[in-house]
Each structure stands twice: as structure tokens, then as C-alpha cells.
1. Out of the residues in segment 128-140 that are within 26 Å of residue 80 (Cβ to Cβ) and surrounded by 11 or more Cβ atoms within 10 Å (Cβ to Cβ), state the one that is modelled with the highest pLDDT.
2. Restricting to segment 56-89, count the residues that are modelled with pLDDT of 90 or more, loosely packed, with under 15 Cβ neighbours inside 10 Å and in contact with a helix residue (DSSP H, G or I) (Cβ under 7 Å, 6 or more places away or on another chain).
3. Out of all the residues in segment 9-45, which are without any contact (Cβ under 8 Å) to a residue 24 or more places away in the chain, within 17 Å of residue 68 (Cβ to Cβ) and surrounded by fewer than 13 Cβ atoms within 10 Å (Cβ to Cβ)?
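The values are calculated or read from the model by the stated rules, or taken from the named source; none is laboratory data. All of these numbers come straight from a predicted model, not from anything done at the bench. Note that we place each Cβ from the backbone using ideal geometry, even for glycine, and neighbour counts take in every protein chain shown.
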């Protein structure tokens with residue numbers, strides 16, 4: 001029986017050769033174009049250098065494997081940051097720049113996003129399981145309660161100007 005999650009893009013040709021080459025070629029070409037290190041209007045030279053660096057990447061498995069392992073992490077981080085910015089924009093869009101409510105919404109959204117990433121990655125169960133004592137009591141609730149009390153005290157001390 002075949003795995004339903006295997007696609008043509010998960011074939012080793014794409015994951016080990018084509019996609020890393022295209023990524024490095026595009027990055028090197030874009031950096032050379034943006035910085036104009038080799039002068040203006042040298043697109044062919046910049047493309048050749050990007051092509052050679054991309055081929056060198058494919059020739060060295062250690063460097064290629066490092067990029068192949070880092071890019072999915074980069075993609076997940078980029079998506080999490082995009083979601084945070086969208087939620088923060090929705091929550092704080094009509095609120096003034098110096099308002100404490102905007103910072104509170106940002107902190108709340110950040111905590112919710114961190115918890116959701118931990119839950120979806122399976123790390124949440126590991127963290128919560130690691131907080132059990134020898135007698136089986138889970139101290140996560142106690143830690144959460146203390147954090148809430150400290151946050152309330154900080155909010156009262158910081159916002160007590162009026």
C-alpha cells in the first residue's frame with residue numbers, strides 16, 4: 001500500500017537536488033543583483049555565479065543536508081510570524097500606539113501562538129509531562145497560577161499612574 005502523503009515533490013530528486021539548487025541559485029543571484037558588487041547590468045555574470053554556487057552546494061552533501069533540514073524550520077517560523085502579525089494587526093488596528101491594551105493583546109496573542117505551536121508539534125505533552133512530581137502531582141497548574149499573579153502585580157504597578 002502506498003503512503004498518501006508522498007507526492008512528486010517529496011521525491012529525492014526534488015528534495016536533494018532541484019529545490020536546494022533553486023533556493024541557493026535564487027538567493028545568490030538576488031544578493032548579487034541587490035548589492036551590485038560586480039557592477040550594474042551584469043545579470044549574466046550574476047546568474048553564472050549563482051549557478052556555480054548552486055552546483056557546488058549539490059556537490060557537497062553536508063552543506064546540502066544542512067539547508068534541506070533548515071528550510072522547513074524556516075518555513076514554519078515564517079508562517080508563525082505571519083500569523084502573529086496578522087492577529088496583532090487585527091487586534092491592535094484601531095488602538096492607539098501608546099495604549100497598554102495593544103501590548104496586552106500582543107502578549108496574549110504571542111502566548112496563544114506559542115502554546116498552539118507547542119501543541120501541534122507534540123512538545124506540549126513532553127513539557128507538561130516533565131512537570132510532574134514523583135507522587136504524580138502535576139505542578140503546571142501551580143506554575144500557571146504564579147505567572148498569572150505576577151502578571152497581575154506587574155500590570156497594577158505599571159498602570160498605577162492615574
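1. Within segment 128-140, the subset within 26 Å of residue 80 (Cβ to Cβ) is 128-131, 140.
Applying the additional criterion that residues be surrounded by 11 or more Cβ atoms within 10 Å (Cβ to Cβ) yields 128, 131, 140.
Details: 128: 72, 131: 67, 140: 67.
The extreme case among them is 128.
2. Of the residues in segment 56-89, 0 are modelled with pLDDT of 90 or more, loosely packed, with under 15 Cβ neighbours inside 10 Å and in contact with a helix residue (DSSP H, G or I) (Cβ under 7 Å, 6 or more places away or on another chain).
3. 9, 10, 11, 12, 13
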